[in-house]
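This report concerns only the one structure given below.
The values are calculated or read from the model by the stated rules, or taken from the named source; none is laboratory data. Just so it is clear, the structure is predicted and the values come from calculations on it, not from any experiment. Don't worry about glycine lacking a Cβ; one is built from the backbone with ideal geometry, like all the others, and counts go over all protein chains shown. The accessibility values were calculated without ligands, DNA or RNA, using every heavy atom of the protein model including side chains. Shrake-Rupley method; radii C 1.70, N 1.55, O 1.52, S 1.80 Å.
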Amino acid sequence: MCKKEEPIDLIRQREIEMNVLGPIVRAFSKEFGEERTFDVVRRTMQEISRSQGKEKSAANGGGLENLKANCIAAWNKNGELESNMIEDTPERLRFDVTRCDFATLYRDLGFGDIGSLISCDRDAAFLEGFDDTYELVREKTIMQGDDHCDFCYQKKA
């Protein structure tokens, strides 16, 4: 019989995932090619994330206020992200992340080159599941070598 355990912090969860997924992604890339492997991994991670977004929305409701209170706050539960708010309206939430412990973690584990595949590439899919009346626009990520991540959650046109 399994004992119900307390939920683990997201950064610890990502560390556990990457310690398993990182070597698997590398092995599959050697065997089947990077492009094919990355495509399958990206689609799979996005589908998982989309489902997680639906679950979170079902529990708490959609919208930007609930995204901030129940998702973004949890992603930064222990100060894993340092960010600067740019705009916070009912239609748009814009902020720059200037420090990301997730990117640091993946680099420290030796998987900085596939961190976006496992982590960043799931963000828009999460939002689709959470509230498909909004979109995520982002052109820069620390994970891909930029000095910040430019998040913009906005109401779709």
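Counting Lys and Arg as +1 and Asp and Glu as -1, each charge on the Cβ, what is the dipole of region 32-119 about the Cα centre in debye, to the nearest 20? Intermediate values should be presented prior to the final figure.
Details: 12 positive and 15 negative charges, 55 e Å.
The calculation lands at about 260 debye.
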Apportionment of accessible area to carbon and sulfur, the chain, percent (1.4 Å): 49 percent
Extent of region 59-122 along each principal axis, from alpha carbon coordinates, in Å, largest to smallest? 39, 27, 21
So which DSSP H runs in the chain come out at 15 Å plus along the axis (Cα) with average Kyte-Doolittle of at least -0.5? 10-32
Relative contact order computed over region 13-157 (Cα-Cα under 8 Å; 6+ residues apart), in percent: 28 percent
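Accessible area per residue for the chain in Å², computed with a 1.4 Å probe and the full protein assembly in place, what is it?
On the way: 9420 Å² over 157 residues.
Per-residue value: 60 Å².
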[x] 157; [y] 206; [z] 133, with the label sought being that of the calculated volume of the Cα convex hull per residue in Å³: [z]
